[in-house]
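The values are calculated or read from the model by the stated rules, or taken from the named source; none is laboratory data. These numbers were taken from a predicted model, which means no experiment stands behind them. Reconstructed Cβ throughout: ideal geometry from the backbone, glycine too, with neighbour counts over all protein chains shown. Side chains are part of the model used for accessible areas, which takes the heavy atoms of the whole protein and leaves out ligands, DNA and RNA. Shrake-Rupley method; radii C 1.70, N 1.55, O 1.52, S 1.80 Å.
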Amino acid sequence: MATGDDARLSRRRLLTGTGLALGAAAIVSTAGAQETLPEATTDPDFHDPDETTAAQVQSPPLSSEPIPPGTTDWNWVRGQWALDWSLVDLAAMLFASNPRLVRNAIDRHRKGLDASPVTYLSSRNRPLQNAARAAAGAYFGVKADDVALVESTTSGIGLLYAGMDLRYGTEVLTTTHDYYVTHESLRLAAARRGASVRKITLFDHSADATIDQIVGRIIANIRPETRVLALTWVHSSTGLKMPIRAIADALAPINAQRAPLDRVLFCVDGVHGFGVENTTLPELGCDVLVAGCHKWLFGPRGTGVIIGSPAAWARVTPTVPSFLAPNAYGAWLGAYDPGPTTGARMTPGGFKAFEHVWALTEAFQFHTMVGKKAIEARTQGLAARLKLGLSNMPHISLKTPMDSRLSAGIVSFDVAGLSADGVVRRLRALNIIGSAAPYSTRHVRLTPSMRNTVEDIDYALGALARIKQG
Ligand SMILES: Cc1ncc(COP(=O)(O)O)c(C=O)c1O
């Protein structure tokens with residue numbers, strides 16, 4: 001059992017205890033950079049006189065100077081967070097803390113609202129919500145009008161499927177690998193509307209799944225009555241990243257044979273790729289992507305987006321009245337039809353935590369400033385290092401593919417003889433924050449992000465090697 005003293009073990013000491021096969025292996029450690037690791041000593045009692053605690057290793061720089069656009073100084077990036085640096089946070093996939101730019105924007109708006117809620121709100125609400133939609137659109141390659149603001153992935157997925165035209169006799173195709181939020185939203189929507197939901201399995205072992213196998217199984221299962229394909233970009237159980245573009249390409253000839261309203265609408269829970277992958281909606285090729293912005297995007301808590309193509313909006317009806325659509329009140333007062341669905345009409349109205357909604361713009365600004373390409377390389381580079389280290393440990397069975405075409409930032413695995421929750425508990429005793437996925441088969445998940453360092457990864461690897469021994 002881990003003790004409190006374990007938490008004070010040095011990173012160096014943990015590494016030495018592992019006999020990490022990382023040795024002198026060259027591993028991508030930062031944006032594209034190759035790093036040569038020193039050979040680990042094999043003496044388990046080796047004690048570094050300069051032994052530092054995990055907390056000391058984690059200390060961030062204090063700089064608050066603005067970084068010039070396009071500069072990738074990961075120490076500066078890390079210094080933008082106010083995390084508890086005595087912890088190694090490898091759980092970015094769960095719930096975000098915000099970088100300084102976002103924290104400052106929330107504070108500024110909160111002060112304004114506290115001073116005079118009505119006057120502060122009235123002049124700002126529409127422009128600031130529309131600015132956030134424009135920022136999301138610019139980030140993901142669509143027009144502002146194709147972005148709806150929601151409070152989370154869960155509410156976005158719920159609103160999307162609740163509003164979708166799912167008549168009796170049609171079906172939604174999804175998979176056994178998708179998350180509770182997709183399955184439950186589809187079950188509720190289908191029960192109301194009369195459509196059926198079919199779940200297929202795409203692979204037996206995530207770690208060695210192939211793109212051809214995944215695409216082949218999906219396409220073989222599209223039936224004449226299939227109207228919606230509901231998938232998840234990066235599975236939060238195994239960390240497998242779905243080949244969205246390849247699936248969209250294989251769907252295109254099927255859809256080309258169908259009338260517009262009979263086409264298979266390709267909808268994706270994108271939360272674990274959004275803020276990690278350097279891509280856009282047109283590049284991905286799906287019709288709708290829903291993502292919370294309070295995970296990998298490190299945006300304000302309680303924010304998310306539905307990003308859809310105009311063809312997709314035509315198949316969806318809003319559920320919650322919008323305050324944002326230009327003619328929302330006019331249509332009500334004039335008793336006329338408000339017109340086709342848009343991102344604005346899909347944005348639920350009501351008074352809300354506006355300081356968070358408005359500060360979403362700064363979250364996109366922060367990502368753009370650091371650079372989408374650099375963030376992807378950093379996140380995938382750290383995840384690759386973690387996967388490589390874990391793959392060399394015989395007591396660990398990696399669930400996430402090594403191939404970067406089939407993986408993003410989530411790294412999932414099992415430890416022989418221990419439950420996933422047991423491993424998470426032991427890691428927490430060592431100040432490492434991971435999580436176990438709430439699926440019928442639970443795996444341990446560690447999810448490096450741009451806030452983490454190579455030392456964080458090696459500290460976690462050392463701890464996991466040691467879990468075996470103790
Ligand atoms: C695949 C997936 N979708 C949705 C969610 C929920 O996201 P949100 O908190 O934005 O609703 C999670 C996990 O929290 C998830 O793993």
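The table for this structure:
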| item | result |
| --- | --- |
| Among (1) surrounded by fewer than 22 Cβ atoms within 10 Å (Cβ to Cβ); (2) under 29 Å from Ala420 (Cβ atoms), the one test that Val234 misses | (1) |
| Residue that is farthest from Ser407 (Cα to Cα) [pool: residues in the range 263-285 that are part of a loop (DSSP other than H, G, I, E, B) and open to solvent by 10 Å² or more (accessible area, probe 1.4 Å)] | Arg263 |
| Residue check, Arg405 closer than 22 Å to His272 by Cβ and open to solvent by 10 Å² or more (accessible area, probe 1.4 Å) | yes |
| Residue selected from the range 142-151 under the condition of a type outside the set (Asp, Glu) and surrounded by fewer than 21 Cβ atoms within 10 Å (Cβ to Cβ), by the criterion farthest from the ligand (Cβ to nearest atom) | Lys143 |
| Cβ pairs under 6 Å, 6+ apart, first in the range 143-157 and within 13 Å of Ser309 (Cβ to Cβ), second assigned to a helix (DSSP H, G or I) | Lys143/Gly137; Val147/Arg133; Val147/Ala136; Val147/Gly137 |
| Any chance Ser196 is open to solvent by less than 30 Å² (accessible area, probe 1.4 Å) and of a type in the set (Ser, Thr, Tyr) | no |
| Residue within the range 330-342 that is in contact (Cβ under 8 Å) with a residue 12 or more places away in the chain and within 16 Å of the ligand (Cβ to nearest atom) present | no |
| Strands (runs of 3 or more DSSP E) (entirely within the range 359-470) containing at least 3 residues that are more than 24 Å from Ala82 (Cα to Cα) and in contact with a strand residue (DSSP E or B) (Cβ under 8 Å, 6 or more places away or on another chain) | 396-398, 411-415 |
| Qualifying residue in the range 50-59 (condition: modelled with pLDDT of 95 or more, more than 17 Å from Phe366 (Cβ to Cβ), open to solvent by less than 40 Å² (accessible area, probe 1.4 Å) and away from the ligand (no atom under 16 Å from the Cβ)) | no |
| Test: residue in the range 462-470 that is farther than 23 Å from His235 by Cα and in contact with a Gly (Cβ under 6 Å, 6 or more places away or on another chain) | yes |
| Selected residue [within 16 Å of the ligand (Cβ to nearest atom) and open to solvent by less than 50 Å² (accessible area, probe 1.4 Å)] from Thr441, Thr453, Thr447 | Thr447 |
| Matching entry among Thr400, Thr361 (being in the same structural domain as Thr319 (by TED's automatic domain parsing), touching a helix residue (DSSP H, G or I) at 6+ places or on another chain (Cβ under 8 Å) and of a type in the set (Ser, Thr, Tyr)) | Thr361 |
| Strands (runs of 3 or more DSSP E) contained in the range 154-262 and holding at least 2 residues out of contact with any strand residue (DSSP E or B) (no Cβ under 9 Å at 6 or more places or on another chain) and either within 16 Å of the ligand (Cβ to nearest atom) or at pLDDT below 95 (or both) | none |
| Single match in Arg301, Arg345, Arg245, Arg315 (criterion: in contact with a Pro (Cβ under 8 Å, 6 or more places away or on another chain), open to solvent by 10 Å² or more (accessible area, probe 1.4 Å) and among the basic types (Lys, Arg)) | Arg345 |
| Subset of the range 156-190 [open to solvent by 10 Å² or more (accessible area, probe 1.4 Å) and within 23 Å of the chain's Cα centre (by Cα)] | Gly158, Leu159, Ala162, Thr176, His177, Tyr179, Tyr180, Val181, His183, Glu184, Ser185 |
| Selection from the range 91-108 of residues that are away from the ligand (no atom under 16 Å from the Cβ) and in a loop (DSSP other than H, G, I, E, B) | Pro99 |
| Meets criteria (surrounded by 21 or more Cβ atoms within 10 Å (Cβ to Cβ), within 16 Å of the ligand (Cβ to nearest atom) and of a type in the set (Gly, Ala, Ser)) for Ala136 | yes |
